[in-house]
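Here's the structure we're looking at; comments come further down.
Read the figures in this text as sums done on the coordinates, not as results from a lab. None of these values were measured; they are calculated from a predicted model. For neighbour counting, all protein chains shown are included, and Cβ atoms are generated from backbone atoms with ideal geometry for every residue, glycine included.
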Amino acid sequence: MTQTVTRYPSTSLPSAIDFAAYEDICPGAARDILDMAKQHQTHLQTMERAEFWSEIFGKSLAVPILISFISAVVYLSAHDHEWVAGTLFTSGSALIGSVAYFFDRQKQPAPKDNKEQNRAHRKRRR
């Protein structure tokens, strides 16, 4: 009778046993793995911070642009340029809608973690 033990790590770092094995095979490998994990974490935090501030910046620019757009349409309508105001409103609304759709589409949530699917994927790779 044989028993098979399968481990599924919950983190991206190897276990302590695996670290020791890496260090036995290639001295310094465990330190390299930890350094790589730290660099990856720093990169993720930097990218998340940049995404946050770019979203704030984009929203802070959108409000004055929208107010200017509406003001131009109202001004043109009030000064006997209804056809220009109508054209500006129609084309501007389409442009704003297209740009908003493009940026919203890029922010789709990541798929949820499916443990069974991940296990099946790991078994196929072996």
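Odds and ends about this structure:
- Computed from the Cβ-Cβ distance with R0 of 30 Å, the FRET efficiency linking Asp32 to Ile56 stands at 0.25.
- Computed over segment 1-108, the P(r) curve from all C-alpha pair distances, binned at 10 Å from the origin, holds 11, 21, 17, 14, 12, 10, 8, 5, 1, 0 percent per bin.
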